[in-house]
Amino acid sequence: MTSTTSHRPTQSLKQEKLATSRLIDVLKQEQELLIGNGEADEIPAVISEKANIVAEMASLADSRHQILETLGLPPNEDGMQFWITQCGSDEDKQTWDDLFSLAQSARELNRLNGILVGRQMAINQGAMNVLQGKSNGTFYGPDGQSKIRNNGRPLAIG
């Protein structure tokens with residue numbers, strides 16, 4: 001399982017690490033926008049940037065997986081871990097560990113952002129229900145009593 005410099009699965013790890021760091025920065029920016037620190041109209045641009053970075057990361061990982069496959073290893077993270085353990089330099093091992101740690105951080109940020117999006121969607125749905133008159137008596141008056149809407153005819157005009 002020898003590998004030349006041009007066929008090392010670690011040849012793009014530094015690029016993957018940089019891309020993952022950029023993704024984390026964008027996810028943090030997205031999170032700030034989702035909690036209301038910034039202009040909501042910036043969100044589409046952030047989402048587009050995030051998609052571009054993820055596509056770049058996928059391309060780099062695909063190249064790494066292809067190299068692993070040509071070396072007779074599984075084209076996945078297990079194959080990479082095996083190669084790192086058997087053939088990788090100390091720098092390769094450190095870069096791989098750093099990349100793995102960054103990927104976990106990105107995954108957690110993305111999970112939290114998903115929760116924020118879900119909460120915002122629930123708030124928006126609640127607002128839409130109110131606007132459409134679907135409040136189901138969930139409003140309360142100053143006396144703490146439910147104010148149930150009556151969509152029938154008024155009893156008096158005055």
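The values are calculated or read from the model by the stated rules, or taken from the named source; none is laboratory data. Model, not experiment: these values are computed from the prediction. Ideal geometry is used to build each Cβ from the backbone, glycine not excepted, and the neighbour counts take in all protein chains shown. Each accessible area value is taken on the protein alone, full model and side chains, heavy atoms only, with ligands, DNA and RNA left out. Shrake-Rupley method; radii C 1.70, N 1.55, O 1.52, S 1.80 Å.
Computed quantities for the displayed model
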read-out	value
Every residue from the stretch 42-78 that is surrounded by 17 or more Cβ atoms within 10 Å (Cβ to Cβ) and either under 14 Å from the mean Cα position of the chain (by Cα) or in a loop (DSSP other than H, G, I, E, B) (or both)	46, 50, 53, 57, 71, 73, 75
Total residues in the stretch 6-40, condition part of a helix (DSSP H, G or I), open to solvent by less than 80 Å² (accessible area, probe 1.4 Å) and more than 21 Å from residue 54 (Cβ to Cβ)	2
Failed criterion for residue 109 (all others in (1) at pLDDT below 80; (2) in contact with a Leu (Cβ under 6 Å, 6 or more places away or on another chain) hold)	(1)
Residue within the stretch 18-40 that is within 24 Å of residue 80 (Cβ to Cβ), of a type in the set (D, E, K, R) and in contact with a helix residue (DSSP H, G or I) (Cβ under 9 Å, 6 or more places away or on another chain) present	yes
Positions within the stretch 124-138 being modelled with pLDDT of 60 or more and surrounded by 10 or more Cβ atoms within 10 Å (Cβ to Cβ), in sequence order	124, 125, 126, 127, 128, 129, 130, 134, 135
The stretch 116-139 residues that are over 22 Å from residue 28 (Cα atoms), paired with ones that are at pLDDT below 80 and not in a loop (DSSP other than H, G, I, E, B) (beta carbon under 8 Å, 6 or more apart)	137/146; 138/146; 139/146
Test result for residue 35, modelled with pLDDT under 95, of a type in the set (Val, Ile, Thr) and closer than 17 Å to residue 108 by Cβ	yes
